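First comes the structure, then the notes that go with it.
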Amino acid sequence: MKPHAARAGWWCRGRRAARGAIVLVLVAGCSNTQFLKRTCPQPTDPKSAAETPAPSTAYQVGCPDVLEVAFRDRPDWHAVAVVDVDGRLPLAQPGNPRVDGRTLQQIRDDLAALAGCSPDGVSVQLAAARSARVIVYGPVRGRARAVPYQGPEPVLDFLKRVGGLPPGSKLNQVYVVRPNVAVSARPQVFPVNVGAVLVDGDPRTNVPLQPDDQVYVGETKQSSLSRLLPDWLGTVYRRVTGLLPDDWWPFGKAQKPGEEPPPLFPKFGRSLDD
């Protein structure tokens with residue numbers, strides 16, 4: 001075989017191999033994307049979803065959490081208060097009990113005892129969780145995000161609730177890192193088997209979160225590449241690979257079902273009919 005023919009054959013084989021690798025990467029990424037869109041749909045407003053308190057009977061209150069307290073027979077005692085640095089809840093009535101490290105039910109019982117009434121007549125709700133945070137590292141612009149800790153929520157339930165598994169997440173690279181600084185112990189790393197939890201219903205690796213845990217979510221090659229492209233090309237690439245929502249519209253706000261799409265070429269200035 002002539003040298004130039006050999007080089008041409010090698011070049012063609014290299015191009016075919018490269019195309020095959022690209023196709024494999026796209027197929028793998030698209031399958032992950034479709035799976036996440038089906039099992040972990042993104043909340044409309046991830047920030048609001050993260051800030052909204054999730055019900056947890058095991059949540060332990062601390063400074064500076066915000067509590068809403070109401071008494072059925074004494075509506076004038078209704079109050080929204082911030083837990084003070086001394087661990088007490090500053091209420092004018094019936095007193096300022098120590099609430100640091102106690103659950104909402106325990107606080108309700110303490111307030112009922114102070115007020116001399118039945119616990120059924122007292123309501124204590126978590127208005128804002130501020131005493132602890134969970135740090136989430138994921139494919140959203142590659143940045144860390146601090147989310148209020150609201151109790152021992154399973155990690156995948158937490159990620160689904162706050163939008164921490166967007167399209168572009170690498171499902172075989174999800175970890176919980178527990179620093180254990182407060183207990184003076186070595187850090188722990190818990191791998192999360194996303195497929196086993198979401199597909200097989202196996203909760204063994206769905207670790208309940210603790211305050212100050214760090215959650216790491218890997219990023220697919222498509223998502224990483226899209227951040228390296230120019231804005232206009234990156235947006236098109238993310239749409240083709242499924243990294244953008246299905247209702248995404250490139251010319252302004254998202255198109256609603258049954259709504260006419262905006263014009264591709266909007267008018268500038270005055271028309272001849274004006």
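Within segment 78-93, residues that are part of a loop (DSSP other than H, G, I, E, B) have Cβ atoms under 7 Å from residues that are of a type in the set (Asp, Glu) in these pairs: VAL83/ASP65; VAL83/ASP100; GLY87/ASP100; PRO90/ASP84, counting only partners at least 6 apart in sequence or on another chain. Taking the numbered list (1) in a helix (DSSP H, G or I); (2) open to solvent by 40 Å² or more (accessible area, probe 1.4 Å); (3) among the hydrophobic types (A, V, I, L, M, F, W, C) in turn, LEU156 passes all entries but (2).
In the set (1) part of a loop (DSSP other than H, G, I, E, B); (2) polar (S, T, N, Q); (3) surrounded by fewer than 19 Cβ atoms within 10 Å (Cβ to Cβ), GLN150 fails one condition alone, (3).
Filter segment 100-116 for residues that are in a loop (DSSP other than H, G, I, E, B) and open to solvent by 50 Å² or more (accessible area, probe 1.4 Å); which is nearest to ARG88 (Cα to Cα)? Lay out the reasoning, then the answer.
Going through segment 100-116, the residues in a loop (DSSP other than H, G, I, E, B) turn out to be 100-103, 116.
Now narrow it down to the ones that are open to solvent by 50 Å² or more (accessible area, probe 1.4 Å): 100, 102, 116.
Details: ASP100: 7, ARG102: 11, GLY116: 19 Å.
Step by step, filter segment 100-116, then rank; the result is ASP100.
Within segment 170-185, the presence of a residue that is open to solvent by 90 Å² or more (accessible area, probe 1.4 Å), over 20 Å from THR39 (Cβ atoms) and modelled with pLDDT of 90 or more is excluded.
Here's the yes/no breakdown for (1) over 20 Å from ARG133 (Cβ atoms); (2) at pLDDT 90 or above; (3) touching a strand residue (DSSP E or B) at 6+ places or on another chain (Cβ under 7 Å); (4) open to solvent by 60 Å² or more (accessible area, probe 1.4 Å):
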residue	(1), (2), (3), (4)
PRO208	no, yes, yes, yes
VAL215	no, yes, yes, no
LEU225	yes, no, no, yes
LEU228	yes, no, no, yes
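Look at (1) within 18 Å of PRO41 (Cβ to Cβ); (2) modelled with pLDDT of 80 or more; (3) open to solvent by 50 Å² or more (accessible area, probe 1.4 Å) and you find that GLY195 fails only one, number (3).
Against the definition (closer than 28 Å to ASP109 by Cα and either at pLDDT 75 or above or part of a helix (DSSP H, G or I) (or both)), how does GLY62 come out, yes or no? Write out each step before concluding.
Numbers: closer than 28 Å to ASP109 by Cα: yes; either at pLDDT 75 or above or part of a helix (DSSP H, G or I) (or both): yes.
For GLY62, the condition - closer than 28 Å to ASP109 by Cα and either at pLDDT 75 or above or part of a helix (DSSP H, G or I) (or both) - is met.
The values are calculated or read from the model by the stated rules, or taken from the named source; none is laboratory data. Keep in mind it's a predicted model, so treat the numbers as computed, not measured. All Cβ positions, even for glycine, are placed from backbone atoms using ideal geometry, and neighbour counts span all protein chains on display. Ligands, DNA and RNA are stripped out before the accessible areas are found, and what is left, the full protein with its side chains, is counted by its heavy atoms. Shrake-Rupley method; radii C 1.70, N 1.55, O 1.52, S 1.80 Å.
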